[in-house]
Structure formats: structure tokens, C-alpha cells
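See below for the structure under consideration.
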Protein chains: 2
Amino acid sequence: MNFTEIRHHLHRHPELSGQEKNTAAFIVEKLRETGVETILYPFAGHSVIAVIEGKQAGPAVLFRCDIDALPIQETATHDYISENPGVMHACGHDGHATIMLRFAEMLIQSPPESGSVLLLFQASEENGSGAGQVLKSGVPVKYQISQVFALHNIPGFSQNQVICRNGPFTAAVESLQISLTGKTSHASEPEKGISPALAVSDIIRHFETLNQNDKSQPDYFIGTPIHINMGTEAFGTAAGNAVAGYTFRAWYNTLFAQKKSEIEKSIRTIVRKTEGLDVKFAWTEPFSSCENNADAVRHVISAAENCGLSHFEKQEPFSWGEDFGLFTNEYPGALFGLGAGSNVPALHNPDYDFPDGLIETGARMFFAIAAEIGI
Amino acid sequence: MNFTEIRHHLHRHPELSGQEKNTAAFIVEKLRETGVETILYPFAGHSVIAVIEGKQAGPAVLFRCDIDALPIQETATHDYISENPGVMHACGHDGHATIMLRFAEMLIQSPPESGSVLLLFQASEENGSGAGQVLKSGVPVKYQISQVFALHNIPGFSQNQVICRNGPFTAAVESLQISLTGKTSHASEPEKGISPALAVSDIIRHFETLNQNDKSQPDYFIGTPIHINMGTEAFGTAAGNAVAGYTFRAWYNTLFAQKKSEIEKSIRTIVRKTEGLDVKFAWTEPFSSCENNADAVRHVISAAENCGLSHFEKQEPFSWGEDFGLFTNEYPGALFGLGAGSNVPALHNPDYDFPDGLIETGARMFFAIAAEIGI
């Protein structure tokens, strides 16, 4: 099976979160060609699980990749660019899925001695909804999963380098829409309206004071201003409502939960200063911090050494969110990085292209981790 | 000539500022039917001037009405509602134009003894551009205008009551777009971007401190927040730019000019606090304060008394803008109000309808003012 071609096929046909129908069907087809017999699909939206049983009963380990693409117009010029306008694999999930297919082939060729391996091709990672759907499906419980592993390709690190750390690997991230409802008025009579402007000013100022920008500290917490829409562009009418959007992130889920409730309380206090102004909160796109388990990280490092790969212990977590954090909330496990090279575009850039050289490395890492665990 | 029908025709066929082609053509047609010989048209966009010469040479007096409509969907149910979807005469300019046509008829029937009367049907009042175009045309200078008069229908006052005052009658009003340009970044790395958020917060706060809300004082000055658009609703991207729109008003043009230059200076100081943030200012829709001349106001009051109309000296100016202020900047003159009734919708409301009873009153007032001046 030509895995470079498989990766290029996926790159050519990217699908957005929640719409991965053809991607999932293609993966199922390739799993069947590889010889996998137990495939759960359709499952938790467009996710796919391949189950590979060992010769004897034993613990189940879940390896997870993601399969969705992003709403970005590709600008690269290679011969397998996206055929879906405005959508592209700019985060390398095409590569993650291909690694998992190669891993399936390895497992079929050398089946586990005992226990079983679950290969999860997870849909809807980018919008933070896929992992939750898989966990709610009951499948992980049914198969008595004991550990969970995943990897992410990471530009800015030497190609094939394994990046890992104990504790938080990626940030807890969640976004908040604050909707302020007052009352418009003729611009010449603002005293007859209820303007959200002062509350907007105070909210911006408040979040600034809340920031603890030092990424080396465990209490790192930042709120990033994303957008504000207040009033409409008609100079005869004073603004009567506003929506402010912020994204927050912290290293630890517990700190994040505590800040969330503090935020709502503080904003209510600010809003009360404008009589008649109403506020509503909508939290959206939640990503749990991916807190790595120390034993699982040891398996990752041993696997890297067994594969002859350099490994790097990152001092600080990555500040992006990964919905694999929901898995590490429930099961011991680890998310690790695989360096994608130093001189490549950043993730989510319109010319990013997953390096095909990582396919074999990623699959070997997963296989070595399974061996470490004794599956 | 049936002036109620004329008013209803205009109400049925409203046209936005700068698009008053059919309205102007209809006015020209009616002026011709009335017997007016000298008509300047097309003139300063879609404005029309009718010139009615007296028997002997003498000073020229300009009477002005406006003819444009508003981008408002009419909700009234009478049988002459707007046939132009989304556009309506919600400010009574249909009535103002009809008053002027009736005034033309009166002047044709009783021509001035000496001097001349210019009847200006002015386009583009609502966006503040029409008066300036007329003044720049050179016509007022050519005709050696000595005085200028205009009226506005005003709901909230008894029908036919004349409202006037010395000094400012309407506010100086002008709007400002403040464009802040920084740099977007991934939301997880706001330190790599340049956020306009803190500047937006400080700008809102600054304008609040600048306000002097007491309308009874000569230094009345307020900035009304109209809209803010910052960033885009994509939680992965930190805001990198913002546009804030404010409308300012004061009673006096001199104070307004002084505040304008102070505002730009203060905003620049605020913006400099965010390194790399750039600011651009765009002032738009300027309305000069309409500062009434004491002699002209005396003529208005005598005219009201001669017409047997009650008159009311308003303690404070109106806080809306009227581009007739550009005329009173150049010539002695007065803008006065004509009460449209107490229990009627406010101007710019989607169910406002100019009271036909004011047509005759308005024309008689103009005729009486001309008589007072001795034309």
C-alpha cells in the first residue's frame, strides 16, 4: 500500500469538521484493504474505530488521530492541492490519518500478543466537538480502555524529533461571547437610550488586568480579544447593543474552571454600572488541557529511544487547544509532538503541507508504544 | 392647484439624498404650471431654484426647503404610502417642498414690489452635502442674497405653532470614523500581534470624560458612540484592527471646531500607548450649527403674529443637525420650526406623516416674512 499516495488523496479531498463523510468512507475502504476485520462505522458522527484484537485477552489501548480539515483557501502549488475550494488540510490531519492507516497495516502484519488496540480516526477535532462525541458513545468503556495515545505534527522542530512533557501538553482553551443588550436611541438623544459602550470599555480593561502572561508559570492565564461588534454603521443611531468575543487559555483545567466562574461574576458587576443593560454569556469551542500522565510519557520516551529518534522535553505547554484533552481527563495517556521541520510554514497557514517523511516515523512510534505497554 | 395631492404624490415617490431626479423634475413641472419663468435646473446635483423677480430692483431673499427622503421602510397604512421600497419621507421634506410650491403660487399671484425671491428646493439635506453644493455653485453670490430663511416641521409641538430662538437653533453635528490598524495573530500567541483592544477601551472612556451633557449651557458637547467593529468572529484569531464610529454635537460652531482638533490629538496620545498601532481619522456628514440672526428672528416672530399663529421661544437649541447651518454661516437668516402636533410619531419614525394642514401655514409664514422684509 502506498501511504504517500493515501496522504495526497486525503490532502486533495479535505472536509470540514462534521462533514468528513467521504474521508471516513475512504479510511474504512483502506482499513478493509489492509485486512482489518472489526470496524465501527458510522460512529459518533463521521469517526471510525478499527479494533485489532491480540492473540490473548488483555488490556485495550486506544491510539487516536484526527481527520478533519480547516476553512482555509490553500495557496500551495504542489500537484495534490485541495480540490475543495476554501477548505484545506492546514493542520496535517491528512498525515495523522495516514500514520494511523500505516500503523493498522503494521498491526495486521504483527498482531498484538495480548490485549487489543483501538485505532480511532476522530472527526471534528478543530471545533472541539469530536472527542466528546466519541467518549459519550460508550465505546471506550465497552472496550475497557486502559491508556490513550495521540500525536501531533509540529512545525518549528527538527523533522522526526519527538516532543513530550509531563503534565499539561496543550492549553485549556474556551471562548466566550458576551452579549450586551441595551436600547438604541436617536444619536442626538443618547440619554433616551441605554448604551453598552462604557461596559465594553470596562470589559476590555478588566480582561487585561486578569492576564498572567508568563507561560513558564503554572498560573498562566490569558484572555485574547477576538472581536467586538457594537451598534451599526448609521450615524443617526446611538449604539444599543454589543457582542464581545474573547478566547481564554490556561495550563490547568482546574484553574480554568475557577477563572470561568470569576469572569461571569466580574462582568455582571461591570454591566450593573449601566442601568438597564442586560448581559448574556455563551461559552463555546471548549478544549480541555491535555494533561499527560507520567507513566504514559515514559512509554513515549522509551519508544522514541527504541526507534532511534531524538526526544525533547518541552519546558512549557503549547498554548493551542487539542480536544484529545478530553481523553486524558478520563484515561491515563499522552499526547506527543512529532517535529515537522524547522523551515516550514506554521500550522493553519495556507501553504502548510504535512511532510510525508513523518508517516513511517509516526506509525513506528505508535507501534513501539504498543510494544512498550506489552500489547 | 391641489397642494394636498402634490404632497401625497411626493410622499408616494420618495428618493434618497443624491438621487432626487424624479422629485426635482416633478417640482420643475409644478413650478412651470404655477407660472414661474426663471428656473435653475439641473443645479448643484438635483436641487432646483425658482427665481421670482419683483417689479423694481432690490435685495434678494432666499427661502429654502429640502426634498430628499430617508432609507426607512414605511409602516403607515394610508393610501399614499411610499412606492419605493425601503425609502420614505419620514422627515416631512415632502411637506417642506409642497409649502414652497404653494409659496411660489402666492408670489406669482402677488409679485414682490421690489427685489427678488429665490425659492430653493434643496437636494441632499439628510447626508449634509446639499447646502454646501448650492453655496459652492456661486448662485447665491450672483443673486446678491441678503437674507436666508427655512422652516422645519416639528412633532411634539402644537400644530401650526411657530418655534424659534436667537442664536443656535440646531446643533453642530459631525461624525468621526476612527480606524485602528494593528496586526492579527493566532489567538494563542497574542504577543505576536498588535491588538487595538486597549485603545478601543481608552477611546470609549476618553469620550465619556469629554461630554458636557447639560443642554442649557453654551458649552454643551457630547460624543455619542455609534458603532465599533473590532476583529472578526473567528476564535482562532486575535483582533488586529478596529473601527470606532462616534457622532459629536455642540451648540456653537467655534466650540465644535476647537473640540475636533483636541479629539484627534487625544486619540493619537491614546493610540501611541500600543506600540505599532496605527490610527486614521475620517470626519463625515458635517452639519454646521444653524445660528439664527436676531433681526431675522424678529421677522419670523412678526410674521407669526401677522398670521395669527402662536409662537414659542425655545430655551435650548434642538440637538439634531440641519445643513441649513451652512447658509446661516454665510448670510443673516433664520431657521424656524412649525409644530406638527403633540400626538404624532417622531421624525424619522417609520409611520411619520407630514400633516397636510401645515402646507398653507408654512406658505403663509414665508409670504409674511417676505412682506416683513419689504420685498
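The values are calculated or read from the model by the stated rules, or taken from the named source; none is laboratory data. The structure displayed is predicted, hence computed values, not measured ones. Counting neighbours? That spans all protein chains shown, and the Cβs are built from the backbone with ideal geometry, glycine included. Just so you know, the surface numbers come from the protein's heavy atoms only, side chains and all, with ligands and any DNA or RNA stripped out. Shrake-Rupley method; radii C 1.70, N 1.55, O 1.52, S 1.80 Å.
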Pair list, Cβ under 6 Å, 6 or more apart: segment A:256-269 residue assigned by TED's automatic domain parsing to the domain that holds residue A:223, other residue assigned to a helix (DSSP H, G or I) and modelled with pLDDT of 95 or more: A:266/A:206
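Condition check ((1) facing chain A (nearest Cβ under 7 Å); (2) surrounded by 20 or more Cβ atoms within 10 Å (Cβ to Cβ); (3) more than 20 Å from residue B:325 (Cα to Cα)) across all residues:
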position	(1), (2), (3)
B:243	no, no, yes
B:270	no, yes, yes
B:278	no, no, yes
B:285	yes, no, no
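Yes/no matrix, rows are residues, columns are (1) modelled with pLDDT under 95; (2) of a type in the set (S, T, N, Q):
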| residue | (1), (2) |
| --- | --- |
| A:4 | no, yes |
| A:19 | no, yes |
| A:31 | no, no |
| A:111 | yes, no |
Test: residue in segment A:326-341 that is open to solvent by less than 10 Å² (accessible area, probe 1.4 Å) and assigned to a helix (DSSP H, G or I): yes
Lone unmet requirement of (1) out of contact with any Cys (no Cβ under 8 Å at 6 or more places or on another chain); (2) more than 17 Å from residue B:120 (Cβ to Cβ); (3) open to solvent by 10 Å² or more (accessible area, probe 1.4 Å) for residue B:7: (3)
Residues located in segment A:95-136, provided they are within 14 Å of residue A:27 (Cβ to Cβ) and among the charged types (D, E, K, R): A:102, A:105
Selection from segment B:107-124 of residues that are closer than 17 Å to residue B:373 by Cβ and either open to solvent by 20 Å² or more (accessible area, probe 1.4 Å) or not assigned by TED's automatic domain parsing to the domain that holds residue B:57 (or both): B:110, B:111, B:113, B:114
Pair list, Cβ < 6 Å and 6+ apart or interchain, from segment A:320-334 residues that are over 14 Å from residue A:64 (Cα atoms) to residues that are open to solvent by less than 10 Å² (accessible area, probe 1.4 Å) and in a helix (DSSP H, G or I): none
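Hey, among the residues in segment B:287-298 that are under 14 Å from the mean Cα position of the chain (by Cα) and away from every other protein chain (no Cβ under 14 Å), which one's surrounded by the most Cβ atoms within 10 Å (Cβ to Cβ)?
Of the residues in segment B:287-298, the ones under 14 Å from the mean Cα position of the chain (by Cα) are B:287-291.
Checking the rest, the ones that are also away from every other protein chain (no Cβ under 14 Å) come to B:288, B:291.
Values: B:288: 26, B:291: 22.
Going through the qualifying residues, I end up with B:288.
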Test: residue B:351 is open to solvent by 10 Å² or more (accessible area, probe 1.4 Å), farther than 30 Å from residue B:8 by Cβ and acidic (Asp, Glu): no
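If you go through segment A:33-64, how many residues are more than 21 Å from residue A:330 (Cβ to Cβ), among the polar types (S, T, N, Q) and at pLDDT 95 or above?
The total comes to 2.
Specify the residue that is surrounded by the fewest Cβ atoms within 10 Å (Cβ to Cβ); the eligible residues are those in segment B:221-241 that are within 8 Å of chain A (Cβ to nearest Cβ) and closer than 27 Å to residue B:253 by Cα.
Initial filter on segment B:221-241 (within 8 Å of chain A (Cβ to nearest Cβ)): B:222, B:224-239.
So of that shortlist, the ones also closer than 27 Å to residue B:253 by Cα come out as B:222, B:224-228.
Numbers: B:222: 24, B:224: 30, B:225: 26, B:226: 27, B:227: 22, B:228: 27.
Selected residue: B:227.
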Failed criterion for residue B:218 (all others in (1) open to solvent by 60 Å² or more (accessible area, probe 1.4 Å); (2) out of contact with any Phe, Trp or Tyr (no Cβ under 8 Å at 6 or more places or on another chain) hold): (2)
Enumerated strands (runs of 3 or more DSSP E) restricted to segment B:225-323, each holding at least 1 residues that are modelled with pLDDT under 95 and either among the charged types (D, E, K, R) or touching a Phe, Trp or Tyr at 6+ places or on another chain (Cβ under 8 Å) (or both): B:278-287
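May I ask you to verify whether residue B:180 is at pLDDT 95 or above, within 18 Å of the chain's Cα centre (by Cα) and not assigned by TED's automatic domain parsing to the domain that holds residue B:367?
Values: at pLDDT 95 or above: yes; within 18 Å of the chain's Cα centre (by Cα): no; not assigned by TED's automatic domain parsing to the domain that holds residue B:367: yes.
Against the criterion (at pLDDT 95 or above, within 18 Å of the chain's Cα centre (by Cα) and not assigned by TED's automatic domain parsing to the domain that holds residue B:367), residue B:180 does not qualify.
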Residue in segment B:348-369 that is more than 18 Å from residue B:301 (Cβ to Cβ), of a type in the set (A, V, I, L, M) and not in a helix (DSSP H, G or I) present: no
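Rundown of residues vs (1) more than 24 Å from residue A:250 (Cβ to Cβ); (2) surrounded by fewer than 16 Cβ atoms within 10 Å (Cβ to Cβ); (3) at pLDDT below 95; (4) not acidic (Asp, Glu), yes/no style:
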{"site": "A:147", "(1), (2), (3), (4)": "yes, no, no, yes"}
{"site": "A:153", "(1), (2), (3), (4)": "yes, no, no, yes"}
{"site": "A:157", "(1), (2), (3), (4)": "no, no, no, yes"}
{"site": "A:168", "(1), (2), (3), (4)": "no, no, no, yes"}
{"site": "A:202", "(1), (2), (3), (4)": "no, no, no, no"}
{"site": "A:213", "(1), (2), (3), (4)": "no, yes, yes, yes"}
Any hit, segment B:131-143, residues being more than 23 Å from residue B:370 (Cα to Cα), open to solvent by less than 40 Å² (accessible area, probe 1.4 Å), touching a residue at least 60 places away in the same chain (Cβ under 8 Å) and not hydrophobic (A, V, I, L, M, F, W, C): yes
Where a residue in segment A:221-236 is under 21 Å from residue B:182 (Cβ atoms) and of a type in the set (A, V, I, L, M) and its partner, wherever it lies, is part of a strand (DSSP E or B) and open to solvent by 30 Å² or more (accessible area, probe 1.4 Å), with Cβ under 9 Å and at least six apart: A:222/A:212; A:226/B:237; A:228/A:243; A:228/B:229; A:230/A:241; A:230/A:243; A:230/B:229
